[in-house]
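The values are calculated or read from the model by the stated rules, or taken from the named source; none is laboratory data. Nothing here was measured: the structure is a model prediction, and the numbers come from that model. Using ideal geometry, Cβ is built from the backbone for each residue, glycine included, and neighbour counts are taken over all protein chains shown. What goes into the accessible areas is simple: the full protein's heavy atoms, side chains included, and nothing from ligands, DNA or RNA. Shrake-Rupley method; radii C 1.70, N 1.55, O 1.52, S 1.80 Å.
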Protein chains: 2
Amino acid sequence: MQNFSVGDVSAVLWTPDVSATPPLIFVGHGGGQHKQHPAVLHRAERFVAAGFAVVSADVPNHGDRTPDERLNQIAETVRTVEDLARFQALAAEQTVPEWQAVVDDVQARIGAGPVGYWGVSLGCGLGIPFVAADSRVRAAVFGLAGAVANAEVAARITVPVEFLIQWDDEWIPREQSLALFEALGSADKTLHANPGKHADRIPEHELDSQVRFFTRHLIPAESR
Amino acid sequence: MQNFSVGDVSAVLWTPDVSATPPLIFVGHGGGQHKQHPAVLHRAERFVAAGFAVVSADVPNHGDRTPDERLNQIAETVRTVEDLARFQALAAEQTVPEWQAVVDDVQARIGAGPVGYWGVSLGCGLGIPFVAADSRVRAAVFGLAGAVANAEVAARITVPVEFLIQWDDEWIPREQSLALFEALGSADKTLHANPGKHADRIPEHELDSQVRFFTRHLIPAESR
């Protein structure tokens, strides 16, 4: 595990033992989490064991980032799901170039293999603009987010997507989640819904499925 | 492969080479198909290769069954999805005891291991009453069917379910599909939706997922 920074952005990289230029998965953390939150670590371990490098970066006002008073003030006004969507769109204007710089930096270190993206909730709200903007990303896991802010951006995404819904999400209305899945431009997209509220544990078989999803799309058949 | 009959019901059994008492998967075929339709064979091959025995039986008026004029006459009146639901409920009054007798017969041949059920479209319409009625069934794959006829029966099902939706199904309204998933009484249920119309090919990764689903629920961890 290697901590590093790109400009103001604190990030962490895990690499597998074997592959010379491993495919890279960027894991976007959830709201209130950070780049080494247990939920990120758990996924990073599984992805690294399957032969992927994994990078995660602190979102502004999370983890080791210097507090951003302007974003903090806006964050305090968030009351509704529409407010949250507007806030995430604003934050994405900052995180998209930050994450692209992080991927540049990582590819300079380990080589420029194919890239995948994993992010739910805040990680989906910020991840959709990132995946739409960066053609290095070839496959993405999204979910636990609605269509309010990101439907138009999602329509520009064409890479394979696995999309998660918590069926009893008390924060994201179910029809909003379904609408975001519907909006994705990808021909190859699969919706996985499981019972549970927004922060309830996603079943472990979904992580198994995600490992296979990224393997299918980021690792050439002859190298699996 | 072994063809056999139980009363009027023509059936076929595939068994794996290894296991003494393998878990059994009952595959219900779709409307207009039969027990050895290529879609059934394809799944049977995969399940047998994973260590399962597989049985399939001709639904009345399909495959080798003697034509049933009464059912034929009712089938000809089917115009709407509500008609179809009524027709399937009527057919299930016949198929539930038939399939239970088929499972009795198979268990007398190969031993009484745990049972799984796989069926979409007609195979879901008839499968939900079967799984609700037979406590030997421990896990089920359903889908491509709506809540009109089967919501109340589905609520009595408590075994793990993997549920398929074709996102662009022109025959089953999407909200009907979602409502049937919602109605299932199972605490452990997962919805998998993929782009495509009713009869379009379901992505092969779903069959991979179903092999793992049945393995998880029907094969003890120490035997996998």
Restrict the check to the stretch A:197-212 and report whether at least one residue is in a loop (DSSP other than H, G, I, E, B), at the interface with chain B (Cβ under 8 Å from one of its Cβ atoms) and at pLDDT 95 or above. yes
Taking only the stretch A:199-214 into account, find how many residues are touching a Gly at 6+ places or on another chain (Cβ under 8 Å) and over 19 Å from A:Gly123 (Cβ atoms). 0
Subset of the stretch A:184-195 (residues that are facing another protein chain (nearest Cβ under 7 Å) and either open to solvent by 10 Å² or more (accessible area, probe 1.4 Å) or modelled with pLDDT under 95 (or both)): A:Ala187, A:Lys189, A:Pro195
Residues B:Phe163, B:Phe181: which one is free of Cβ contacts under 8 Å to residues at least 24 places away in the same chain, within 14 Å of chain A (Cβ to nearest Cβ) and within 16 Å of the chain's Cα centre (by Cα)? B:Phe181
Need pairs with beta-carbon distance below 9 Å; first residue farther than 12 Å from B:Leu164 by Cβ and open to solvent by 30 Å² or more (accessible area, probe 1.4 Å) and within the stretch B:196-224, second in a helix (DSSP H, G or I) and acidic (Asp, Glu); sequence gap 6+ or separate chains. B:Arg212/A:Asp208
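Here is a yes/no grid of residues against (1) open to solvent by 20 Å² or more (accessible area, probe 1.4 Å); (2) assigned to a loop (DSSP other than H, G, I, E, B):
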{"position": "A:Ser56", "(1), (2)": "no, no"}
{"position": "A:Thr66", "(1), (2)": "yes, yes"}
{"position": "A:Arg86", "(1), (2)": "yes, no"}
{"position": "A:Arg109", "(1), (2)": "yes, no"}
The stretch A:9-23, residues that are in contact (Cβ under 8 Å) with a residue 60 or more places away in the chain and within 26 Å of A:Thr66 (Cβ to Cβ): A:Val9, A:Ala11, A:Leu13
Among what's in the stretch B:7-60 and is of a type in the set (Val, Ile, Thr) and out of contact with any helix residue (DSSP H, G or I) (no Cβ under 7 Å at 6 or more places or on another chain), pick the residue that is modelled with the lowest pLDDT. B:Val18
Yes/no for B:Ala179 being at pLDDT 95 or above and either closer than 30 Å to B:Gly113 by Cβ or crowded, with 22+ Cβ neighbours inside 10 Å (or both): no
Of the residues in the stretch B:136-152, those that are more than 14 Å from B:Leu122 (Cα to Cα) and either at pLDDT 95 or above or open to solvent by less than 10 Å² (accessible area, probe 1.4 Å) (or both) come to B:Arg136, B:Val137, B:Arg138, B:Ala139, B:Ala140
Out of curiosity, is A:Ile128 surrounded by 19 or more Cβ atoms within 10 Å (Cβ to Cβ) and in a loop (DSSP other than H, G, I, E, B)? no
